[in-house]
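Before any comments, here is the structure.
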Amino acid sequence: MDLGALRAEIEAAIAAADSPEALEAVRVGALGRKGRITELVKSLGALPPEERPRLGQAYNELKREIEAAIAARRGELERAALEARLARERTDVTLPARERPQGRIHPVSQVTEEIVAIFADMGFTVAEGPDVEDDWHNFEALNIPPEHPARQMQDTFYLESRDAQGQPLVLRTHTSPVQIRTMRAGKPPFRIIAPGRVYRRDYDMTHTPMFHQVEGLLIDRRTHMGHLKGCLTDFVRAFFERDDIPVRFRPSYFPFTEPSAEMDIGCRRSKDELVVGEGSDWLEILGCGMVHPKVLEAVGLDPEVWQGFAFGMGIDRVAMLKYGIPDLRTFFEGDLRWLEHYGFLPLEVPTTYGGLSR
Amino acid sequence: MKFTLPWLKEHLETTATVEEIAAKLTALGLEVEEVSDPGRALAGFTVARVIEAEPHPHADRLKLCTVETKDGIRRIVCGAPNARAGLWGILATEGLVIPATGEVLKRAVIRGVESQGMLCSARELGLGDDHSGIVELDPEGLEVGMPAVRALGLEGPVFTLKLTPDRADCYGVAGIARDLAAAGLGRLRARDFRPVPSVGAPGPAIRLDFPEGQEKACPLFVGRIVRGVRNGPSPAWLRHRLEAIGVRPISALVDITNYVTFDLGRPLHVFDAAKLRGDLVIRFARPGERLLALDGREYELDPSMTVIADDTGAVSLGGIMGGESTGVTETTRDVLLEVALFDPLRTAATGRRLGIESDARTRFERGLDPELVLPATEYATRLIVELCGGEPGPAVVAGAVPPRRPPLLFRTAQLQRLAGITLPPDEIRAILEALGFGVEGGPETWRLDIPSWRQDVTSEACIVEELARLHGFDRIPPVPVERGVAVAQPSLTAEQRRRTAVRRAVAAQGLAEAVTWSFVPPAHADLFGGAPVRMENPLSSELSVLRPSLLPGLLAVAARNLARKREEGAVFELGPRFVGGRPGEQVWAVAGLRWGRAAPRHWAERERPVDALDAKADALAALAVAGVRVEAVSTAGDPPAWYHPGRAGRLVLGPGTLATFGELHPNVLRALDVEAPVVAFELDLDGLPKPKPRTGKNRPPLEALPYPPVDRDFAFLVPQDLPAQKLLEAVRGAEKRLVREVRLFDVYTGKGLPEGTKSLAVAVRLQSPERTLSEAEIEAVARKIVAAAEKTCGAKLRG
């Protein structure tokens, strides 16, 4: 049989193979150990030496051509098989996906982290103190002696337990005692914020018996009211993420600061909305002042040497303002609808470099 | 504190507008809460008189009134039942805006008759809710066409201030005017404090009777009798002025005391002298002494309280409220005016103990101007004589005006040091003098005589505040705080950072963070180990003890959500729980719960209730992020009593319990009204191994073995009650060098197994650190695993 006819026959078989198995049979028949082309190659040994180069070249060429034809046919068959499979396989992708429930971070925690992020950038560290306080830390050391009218400004929860002097212990009415503990425990300068739970005996539309405050304290040898204004103005603008928020400082009164001020931010009030950062109304946002000399004395610092400012701000309140949450009482109900709506996703970590919020 | 613009202008000569005054007050620290002007909307409304009222020809309920108005006689249709001839009312004419509705009054034809204006009700005028009829004015002094604002006695803009407790001097209009004048808003005008000549004999003798050392309970008491007064209604100007600030006029004498209270910030009291028996003694109350006060309530007094007494006993509570029995009435002829000083702290304590709020108490407890007692006596006497007639006797003065405090030295440098501003010496002097300080010395150090009305000024820092306040807080230039280093340092301690991470990790498990009260009902605390401490004055018994656990609060959350048909859910809290009643006896804890179905119903998931292992997973997730090596954690039984004894456990590391988890006890769920399966976990973050100090950051090198791992599955038949952990430990321990991973992939009980047994199937991955394992080595390990399981667990390999 001449080579041309053999090639034609094998190529016809390749073309006729309609499955990988059939194609493999063709391959074995042609190129397998006992395949027809293999046999031809083997037969070369029996030929006279002068014929071998010509025929060897022809056989090899035939072998390569057949190999290529088989590979091409295999590719065709695979493509056809894949197409057939894809045509067959179906998932109803409109089915609801498997659920991977995400929890939520409470707005108080989120906003606390936002506040910490901003003050961390200004070199403050986070300090903490106990929820149960004694009279001295919560009042006396803060220049609030017994019968001081300021004690009535904050209606206090008393506990049945007593301190070493036999005085009833209290649930702290503000985070200010952390100032005292920080200054007593360390050496100046101080630059701290102290977020935490505080307690007042009050429960109505706008008051809850427990809420959250953040205290700030900066004590060194040179910090004055200009720094107080600069620091808190920078804070407010960073926190509300608007660098054009109008701010105002008004003289006020706190027993533990002198001079004392309240800070207002500009806002627009309408019947059912409050927009921070624009408009002609003012909204009180925090109390602050220069730490009172008597407070410095109470913690053993010389007020002729050390000076600085302190401030206190309601965390829940600024959370309400920033995120438009209407009712303080709802913060503590744990209503899942509320948490899902006002809460934050676990990976929404506020940073100053990436922005505090979306 | 409230006052009106005309009232202020009696103390302050000013051309400033209402807006300028309000802005300045707030800038001075006298925060303006509200400025209302009930009269502003009534410009153009005038007084009119009904001459005749006849039935409307076409309507039963309406009347046709003939009215005398500023524009002559008009016909007005009116539906008010009180419309009648002779009534003086308030007329709105065409084009005016009706305050209540904001609509412009148009010419109207009502049932075929043209109405040439409208007679208004109080509600239409924006003056209250009364809409039962049209306004009826007292005709005295009225003229037709007079502006309604004047006829109604509306004083003009009313300021409401939210004062801070230190500014006692601003609880009177005079003090407010002084601050405004000092701030450059006008010129101060003083009241007439000239002595009023006295006639006749003094009133009752007055004696201060306090134990030695307690004299400051009442250092000064002035009584002045005015004989032959007529105590009728006050004149209109006084009534209107009091009404404008929300004080009800009563009678001229009482109104005068209220007026002076608000005008000078100086509370007074008046006795009907005829009702006093004998001399007056100011003393502490006797135990059990009682007083029927002017508010109509009877109070039981105690010896901490200062009273004014006559021969019959206490007749007035010093600085707080007078007594009913000696109060003035319309028949009072001889009045005894009291102007006194009472100890602020004692007054505050008394008022608080008795629960009496009064305008007098508000002022006394903040500290009155001691040097105003005598001038105010003259001013009040003058008002009494002017308004009620009568002849004043000489004042009887007991005690003395307390001496002034010593001068305060003020160093100018403190202003720059604390406020960050400098002021020229002239300005410092001008500000302080305008505020009433006596100023000597300067320019570096000043000797300041503190005005008697500024008891709040006690230190150099106070002077800094005064100067900064008058100069303007808004004029202090803001300065950024500098950080010192260019890159911010971490602001959290390792523990704080760990807490933040745990919070987010637990939330990532699908739990929503709740924040619940630090206090719980005692019964709930009892279910969770008992209350560490009770509160003395809880708001309610429901919130009366500190929480020993976060779980009762979370269970209440679950109960509320269940009540809203949230039939599955997961919440957690990270916060303090209390182990004692003293400062520091609290720990940071995290707890979570899941209730109802493990997941909402879903086509691809098998529906099942939550179980203990859900809670275990939550606890492990928290522990892992808290830095605990969870591979080393094992599970033990013996959970706390609030868990289901057979479906809960503890996560332990060595001898220590790290966390508890499992189904909650049915009794606990019943007590907290939770009608769903609930699983929970709780752990004390403070009880975990301390986070490592963040110095060495190197991690151990990765052990990535190059040799192929081999997987073998084993199904063991074990006793029904064998804890799976025991089998897993046995398998793991059989050949520690080669067993890389053991995974329990099937638990089966029931058909086909002998009674009292279960099948546990584990997948084991083997891998040698040195070479590819041969079949023989693999078989050897498998035999060791089977032997270990049999030895420690009585496990038999299933066929």
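The values are calculated or read from the model by the stated rules, or taken from the named source; none is laboratory data. Keep in mind that this is a model prediction, so the values were computed, not measured. In this analysis, Cβ positions are derived from the backbone assuming ideal geometry, glycine residues included, and neighbour counts consider all displayed protein chains. In case anyone asks, the SASA skips ligands and DNA or RNA and just uses the protein heavy atoms, side chains included. Shrake-Rupley method; radii C 1.70, N 1.55, O 1.52, S 1.80 Å.
Subtracting the Cα-Cα distance from 0.36 nm times the residue separation, let me have the gained length for residue B:724 to residue B:10 in nm, one decimal.
248.0 nm
Just the accessible area per residue of the stretch A:34-122, please: how many Å² with a 1.4 Å probe?
Spelled out: the 1.4 Å probe surface of the stretch A:34-122, per residue, equals 64 Å².
Charges on Cβ only, +1 for Lys and Arg, -1 for Asp and Glu, centred on the Cα centroid of the stretch A:107-342; of A:255, A:223, A:338, which one is farthest towards the dipole's positive end?
Sorting the options by dipole projection puts first A:223.
Once the principal axes of the Cα atoms of the stretch A:3-89 are found, what is the range along each, listed largest first in whole angstroms?
Here the spans come out as 59, 18, 16 Å, largest first.
Run the numbers on chain A and let me know its relative contact order in percent, using alpha-carbon pairs under 8 Å that are six or more apart.
In percent, rounded to a whole number, it is 16.
What FRET efficiency comes out for the pair residue B:790/residue B:652, r = Cβ-Cβ distance, R0 = 22 Å, nearest 0.05?
Computed FRET efficiency for residue B:790 and residue B:652: 0.25.
Please work out the Cα center distance from the stretch B:280-322 to the stretch A:252-318, rounded to the nearest Å.
Taking the Cα centre of each part, the stretch B:280-322 and the stretch A:252-318 sit 41 Å apart.
As I understand it, the dipole of chain B uses +1 on the Cβ of Lys and Arg and -1 on the Cβ of Asp and Glu, about the Cα centre. Which of B:637, B:750, B:134 lies farthest toward its positive end?
Towards the positive end, the residue furthest out is B:750.
Please report how many Lys pairs in the stretch A:107-342 have alpha carbons closer than 30 angstrom, counting only residues at least 8 apart along the chain or sitting on separate chains.
Close lysine pairs under the 30 Å cut-off: 5.
Averaged over peptide A:102-113, how many Cβ atoms belonging to another chain are found within 10 Å of each residue's Cβ?
What the average comes to for A:102-113 is 6.
Other chains' Cβ within 10 Å of B:515-522 residues: what's the mean?
Averaged over the peptide's residues, the number is 5.
How much length is gained on full extension from residue B:404 to residue B:302, taking 0.36 nm per residue of separation minus their Cα-Cα distance?
Between residue B:404 and residue B:302, full extension yields 33.6 nm more.
With the contact rule set at Cα under 8 Å and sequence spacing of 6 or more, what percent relative contact order holds for the stretch B:244-356?
Computed over the stretch B:244-356, the figure is 27 percent.
Lys/Arg Cβ at +1, Asp/Glu Cβ at -1, dipole of the protein assembly as shown taken about the Cα centre: which of A:185, A:122, B:587 is farthest positive-ward?
Checking the options against the dipole of the protein assembly as shown, the answer is B:587.
If the label point is 7 Å along Cα→Cβ of residue B:331, which residues in the stretch B:247-287 have backbone nitrogen under 15 Å from it?
Label zone hits: B:272-276.
Report, in debye and to the nearest 20, how large the dipole of the stretch A:107-342 comes out about its Cα centre when Lys and Arg carry +1 and Asp and Glu carry -1 on their Cβ.
400
What is the calculated FRET efficiency for residue B:40 to residue B:274, with r their C-beta to C-beta distance and R₀ = 35 Å, to the nearest 0.05?
Result of the calculation: an efficiency of 0.15.
Run the simple label-point estimate for residue B:772 and residue A:357 please: 7 Å along Cα→C-beta, distance reported in nm.
Output for this residue pair reads 6.1 nm.
Rounded, prolate or oblate: which fits the stretch B:30-107 when a ≥ b ≥ c are the square roots of the eigenvalues of the alpha-carbon gyration tensor, with rounded for a/c under 1.5 and prolate only if a/b beats b/c?
Prolate shape, in that a/c is at least 1.5 and a/b is the bigger ratio.
Give the peptides B:639-648, B:345-354 in descending order of average Cβ contacts within 10 Å, highest first.
B:345-354, B:639-648
Report the full-extension gain for the segment residue B:198 to residue B:493: residue separation times 0.36 nm, less the Cα-Cα distance, to one decimal in nm.
98.7 nm
Which of the three applies to the stretch B:653-716, rounded, prolate or oblate, going by the alpha-carbon gyration tensor with a ≥ b ≥ c and a/c under 1.5 meaning rounded?
Because a/c hits 1.5 or more and a/b fails to exceed b/c, the stretch B:653-716 counts as oblate.
Does anything in the stretch B:415-436 have its amide N under 17 Å from the 7 Å Cα→Cβ label point of residue A:221, and if so which residues?
Under 17 Å, as judged by backbone N against the label point of residue A:221, lie B:417-418 of the stretch B:415-436.
Using label points projected 7 Å from each Cα along Cα→Cβ, tell me how many nm separate residue B:566 and residue A:71, to one decimal.
In this crude spin-label approximation the distance works out to 6.4 nm.
Could you tell me the relative contact order of chain B? Use alpha-carbon pairs under 8 Å, at least six residues apart, and round to a whole percent.
In percent, rounded to a whole number, it is 8.
Could you tell me what fraction of 2.2 N^0.38 Å the Cα radius of gyration of chain B comes to, as a two-decimal ratio?
The value comes to 1.49.
How crowded by other chains is B:463-471, given as the mean number of beta carbons from other chains within 10 Å of each beta carbon?
4
Show me B:620-631, B:700-711 ranked by packing, highest mean number of other Cβ atoms within 10 Å first.
Ranking, from highest mean packing down: B:620-631, B:700-711.
Once you treat every alpha carbon in the stretch B:353-457 as an equal point and sum by Debye, what is log10 I(q)/I(0) at q = 0.17 Å⁻¹?
The Debye formula, applied to the Cα set alone, gives -0.94.
Label the stretch A:107-342 by shape, choosing from rounded, prolate and oblate, from the square roots a ≥ b ≥ c of the eigenvalues of the Cα gyration tensor; if a/c is under 1.5 it is rounded, and otherwise prolate applies when a/b is larger than b/c, oblate when it is not.
oblate
So if the hydrodynamic radius of the stretch A:249-344 is defined as the Kirkwood radius over C-alpha pairs, what does Stokes-Einstein give as its diffusion coefficient at 37 °C and 0.692 mPa s, in µm² per second?
Result for D is 207 µm²/s.
Hey, any idea what the orientation-averaged projected area of the convex hull of the protein assembly as shown's Cα atoms comes to, in nm²?
Mean projected area of the Cα convex hull: 75.8 nm².
Order the peptides B:146-152, A:5-11 from the highest to the lowest mean number of other Cβ atoms within 10 Å of their residues.
Highest mean packing first, the order is B:146-152, A:5-11.
Starting from the Cα of residue B:19, step 7 Å along the direction of its Cβ; do the same at residue B:797; then give the gap between the two resulting points in nm.
Taking the two extended label points, one gets 9.5 nm.
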